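Each remark here refers to the structure printed beneath this line.
Bear in mind that the values in this text are calculations on the coordinates, not laboratory data. All of these numbers come straight from a predicted model, not from anything done at the bench. Here the Cβ positions follow ideal geometry from the backbone for every residue, glycine too, while neighbour counts run over all protein chains shown.
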Amino acid sequence: MKPVIFIPCDAAALAVGADRVASAIAEMLAARGLDAEIVRNGSRGLHWLEPMIEVRTGHGRVAYGPVKPSDVESLFDAGFLDGAEHPLFLGETRELPFLKRQTRLTFARCGVTDPLSVADYRHYKGLRGLENAIAMQGADIVRVVTDSGLRGRGGAGFPTGIKWDTVRKAEGPQKYIVCNADEGDSGTFADRMIMEGDPFVLIEGMAIAGLATGATRGYIYTRSEYPHAIQTMRKAIEIARREGILGPSVLGSEHAFDMEMRVGAGAYVCGEETSMLNSLEGKRGVVRAKPPLPALEGLFGCPTVVNNVLSLASVPLILDRGAEYYRDFGIGKSRGTMPIQLAGNIKHGGLFETAFGITLNELIYDIGGGTASGRPVKAVQVGGPLGAYFPTSHFDIPFDYEAFTANNGLIGHAGIVVFDDTADMMKQARFAFEFCAVESCGKCTPCRIGAVRGAEVIDKIAAGAGLAEQKTLLDDLCNTMRLGSLCALGGFTPYPVSSALTHFPEDFGPRPQSRPQPAEAAE
Ligand SMILES: Cc1cc2nc3c(=O)[nH]c(=O)nc-3n(C[C@H](O)[C@H](O)[C@H](O)COP(=O)(O)O)c2cc1C
Ligand code: SF4
């Protein structure tokens, strides 16, 4: 049997030289007159081992990593095509502890298959959900999704089935499925990994959403910073059309569904659903007031489902295995699995999909191996730039929407960014305001003005102005932004600020070399 070598084409692997490794391997095969198939797969999500290459052997796939082009010759010399030992040998891929501890439902195929092979996709149980959905009424599809307990993975955690039902019942000349692939949160990459590593699962999920709600057109909205994802998704859509998965007759049924990719210039606020709809319509990415809900008056004024990539990519399995199968994972009202992204100063960063309920302690220490710097962990920020900072004393909180809310935090898109004890939490709090000021769409005053004033207050603290008075101002400002902002960009910026202030008060105070105040600079 011809050996098969898997070399990821995921952007994270490409960034550390996967293409150069692929070329070196192809050249070495030619030079040695050897025959092997090279498959460019998605990433398995063990980012510290990228480029991690695999070889299919008689006893499963074995992995080597991180591989540099200069390692290729010695890999061949050692006999890696037969899965032989080598200093970079990691063992059987499925036995790698980081993978073995996961429950991969949404990411089951990512890194396993050739992302653009429909045959591979079918072989690994793809399209079963869509086939089941075709045989069902829209209302029944919606019921399965509702019963599964799936909640939006984009940030707000809104029940997906309820959203779909609103669109299904809404009247309109046209309905749309819009996939939110903007993925602006810091430390997040799961949407990108799905688009690059298993694009058909997203296409299948969107087609099921179309069948469920009566929508016949779909758009995937992403940012220009994702060139590889855009390219792979575009190719996958073309292939899906050619294979009859998309088009006037989905898998030969009487249902029509087609979709296209749309690329934004990259503004954080364009991930907010109404701002994204404006951007999709060719307008400036400004937040729309709600109501009307996008489910009733969304894209071009028509009923629209807006869902995150991970929400939609979870649906095919739910339609394949049933609501109960999915709902059996998780805790409380957080059902199923969550692809958690470990980033920042962490030894073993990457994608870890697991049932809800796991604690931060397990994630950061047991799985992530602590900090990459080897220094003590000081804090983690969960849920993107608007998420709270948690000190290590809070690491026993289970990964659960309600538990995080009860601790003044949010799960968001499940990005965890780790900081060691050199982090300056006052700087981080200032950064939250700065970020909000830069990314604000400018529509409402608490966010547009509040973010700028917030950064100024922190500068005053750093300059030694009356601490108690400035902290009171900061509290007041945070309350105004939380309660008075039109969307969560302004409304949630207080989370990182207040959490930094609450958990790390010792970091807030005068700095010897603080930046000059605008007022001082002008004098
Ligand atoms: C400032 C801001 C940025 C957001 N960015 C994203 C994003 O990048 N991706 C995403 O799916 N949702 C994002 N959201 C949440 C969306 O508004 C929306 O709730 C989500 O796309 C709905 O999909 P879901 O129900 O599947 O989570 C953002 C929200 C805000 C306020
Ligand atoms: S909170 Fe900020 S981003 Fe949101 S609508 Fe107001 S100004 Fe725009």
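Points to keep in mind about this one:
- Amide H to amide H, with H built 1.01 Å from N, Met259 comes under 5 Å of Gly218, counting only residues 5 or more places away or on other chains.
- Where GluC sites (Glu not before Pro) fall in DSSP loop in region 280-348, at most 13 other Cβ within 10 Å: Glu281
- Over region 315-376: Rg over Rh, Cα atoms, Kirkwood Rh: 1.12
- Each eigenvalue of the Cα gyration tensor of region 149-195, multiplied by 5 and square-rooted, gives one semi-axis; in descending order these are 25, 14, 8 Å.
- Cβ crowding within 10 Å ranks Ile134, Ile458 as Ile134, Ile458, fewest other Cβ atoms first.
- Each of Thr480, Thr113 was scored by other Cβ atoms within 10 Å of its Cβ. Listed from fewest to most, they are Thr480, Thr113.
- One Cα centroid belongs to region 193-242, the other to region 100-123; the line between them spans 16 Å.
- Averaging the Cα positions of each part gives two centres, and for region 151-174 and region 441-487 these lie 34 Å apart.
- Phi angles across region 431-442 convert, under the Karplus curve 6.51 cos²θ - 1.76 cosθ + 1.60 with θ = phi - 60°, into 3J(HN,Hα) values of 4, 4, 5, 4, 4, 5, 5, 6, 8, 4, 7, x Hz, Gly and Pro given as x.
- Among the trypsin sites (Lys or Arg not before Pro) within region 6-86, those in coil by DSSP and having at most 16 neighbouring Cβ atoms inside 10 Å are Arg32.
- Average projected area [Cα convex hull, region 311-439], square nanometres: 8.5
- Evaluated at q = 0.13, 0.19 Å⁻¹, a Debye calculation over the C-alpha positions of region 414-501 (equal weights, vacuum) places log10 I(q)/I(0) at -0.39, -0.81.
- Charge dipole (debye, nearest 20) of the chain; +1 at Cβ of Lys and Arg, -1 at Cβ of Asp and Glu: 940
- Among His228, His394, the ranking by other beta carbons within 10 Å of each residue's beta carbon, starting with the fewest, stands as His228, His394.
- Spatial extent of the chain: Rg and Dmax, with the Cα atoms as the point set, Å: 24.0, 78
- D_trans [Stokes-Einstein, Kirkwood Rh over alpha-carbon pairs] for region 79-133, 37 °C, 0.692 mPa s, µm² s⁻¹: 241
- Amide H contacts under 5 Å for Val306: Val178, restricted to partners 5 or more places along the chain or on a different chain, H placed in the peptide plane at 1.01 Å from N.
- Across the options Leu319, Asn41, Ile461, the greatest Cα extent toward the positive end of the charge dipole of the chain (unit charges at beta carbon of Lys, Arg, Asp, Glu) belongs to Leu319.
- Nonlocal amide H pairs with Val39, under 5 Å, H built at 1.01 Å: Ile5, Phe6, Ile7
- Calculated FRET value between Ser23 and Lys100, using beta carbons and R₀ = 30 Å, to 0.05: 0.40
- Bridges between two residues of the chain, per DSSP, are antiparallel at a rate of about 55%.
- Two-decimal ratio, region 1-78, of alpha-carbon radius of gyration to 2.2 N^0.38 Å: 1.01
- Rounded to two decimals, the Cα radius of gyration of region 63-201 over 2.2 N^0.38 Å is 1.43.
- Per-residue ellipticity at 222 nm computed for the chain from its helices equals -11000 deg cm²/dmol, with DSSP H segments shorter than 4 residues left out and the rest contributing -39,500 (n - 2.57).
- Across the chain, Cα pairs under 8 Å and at least six residues apart give a relative contact order of 13 percent.
- Within region 90-238: Cβ-based charge dipole about Cα centre, in debye rounded to nearest 20 (Lys, Arg +1; Asp, Glu -1): 260
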